[in-house]
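Here the structure is laid out as structure tokens; the discussion comes afterwards.
Each value in this text was obtained by applying a stated rule to the coordinates, not by laboratory testing. On a predicted model such as this, the values are computed, not experimentally measured, just so you know. Don't worry about glycine lacking a Cβ; one is built from the backbone with ideal geometry, like all the others, and counts go over all protein chains shown.
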Amino acid sequence: MLNLIFSLVFILSAIHGDSNAKPKSIAESFPPGSGSKFLLSMADGTSANLIISIASSSSSRVAVEYYFSSTDAPIELWQQFIIEGAGTARLRVAEGYIYAKELKHPERIPKDHLTGIDETEINEFLFSTSIQSAEFRVGEDVVQVPAGQVSAKRFKKQREGATLEYWISEQASPLGLVKLVSKGPKPEQNYTIVLGSLVKNVKPKIDPSAAEPLSATGRGFLAPLKKR
Amino acid sequence: MASGLFLSQLLFAQTPAELAETVKQLKKDVAELRQEVQALKAQRMSPAAGLKTEDLNHRTFDGAQNRQGFGQGQMSSEQREEMMKKMESLKKLLDERDEALKSIE
């Protein structure tokens, strides 16, 4: 399950694009404390809660915090990523942090773990432009999720042999994701994510200034990231 | 409207090619109508209805109040109080049941 969460880190935050809308500043688009609570169900019956919230935002960087809790095992995990270059064509994950109850302090994720995250991948999903979104748009549906009923744009794309179908709505800002269905030949590629609720005024768990170098225990929480 | 026109064309089509063209137009018409229905549905859902939103009141996402599915961690004082009330209520019910059983015996 944790491996899946790591692979989802940068595909969950699909931002809707509206070419007619007046461009918002980064701080306006990503108000600190706002985010979404998702319910994740695997094909094998296991499930988890995943909360993605904006820890902080400035004119050029956004800190995104992920909180994961399994409903099947006593696992809780927090991650925070600082993404630089927001609002430009070139994005990069500048810093990464991890925290779990088993760790005394938050710990820094080494650069070598961050470089495995492909920039194109981030561009596709996080802060995606209207042009990129339009390429994969296949329709518009009224979607019923635990958070409520919402009209959402439907997108479909292939990723590592799996078919991802996802629904994006401006009403689910700032992340936009309402529902995601992944189907593929590998067992871990079969899962569904639905919006449980929007969240606001979330206080970030991880304080980057208190972070320490990655310990052996902390490394155990890091799934190997793919190198390209 | 357009659909009526196409329907008459469908009824009086003379050749397979005419028929195919009319069917194609009808399909396009249906697709446009579907889009209109979706747009109307979207309009009907007012933003006021909105999506469910949880206000964390500047708390972090941890602790028993935010967990679902497993019971580790500390409970908040409100939850503890609520749990105590439920336990007292349950104990009272059990006592009443025991009394009732004794009276039957």
Which pairs break 25 Å Cα to Cα here: A:Lys104/A:Lys203; A:Lys101/A:Lys183; A:Lys37/A:Lys183; A:Lys157/A:Lys203; A:Lys37/A:Lys205? A:Lys101/A:Lys183; A:Lys157/A:Lys203
Virtual spin-label span in nm between B:Asp98 and A:Lys186, 7 Å along Cα→Cβ: 5.8 nm
What FRET efficiency would be calculated for the residue pair A:Lys203, B:Gln35, taking the C-beta separation as r and a Förster radius of 45 Å, to the nearest 0.05? 0.60
Amide H neighbours of A:Val145 at under 5 Å, excluding residues fewer than 5 places away on the same chain, with H built from the backbone geometry, are A:Val150
Amide H neighbours of A:Phe38 under 5 Å, at least 5 residues apart or on other chains, H built in the peptide plane: list them. A:Leu50, A:Ile51, A:Ile52, A:Gly196
Given backbone amide H placed at 1.01 Å from N, residues whose amide H is under 5 Å from that of B:Thr60, ignoring those fewer than 5 places away on the same chain, are A:Lys203
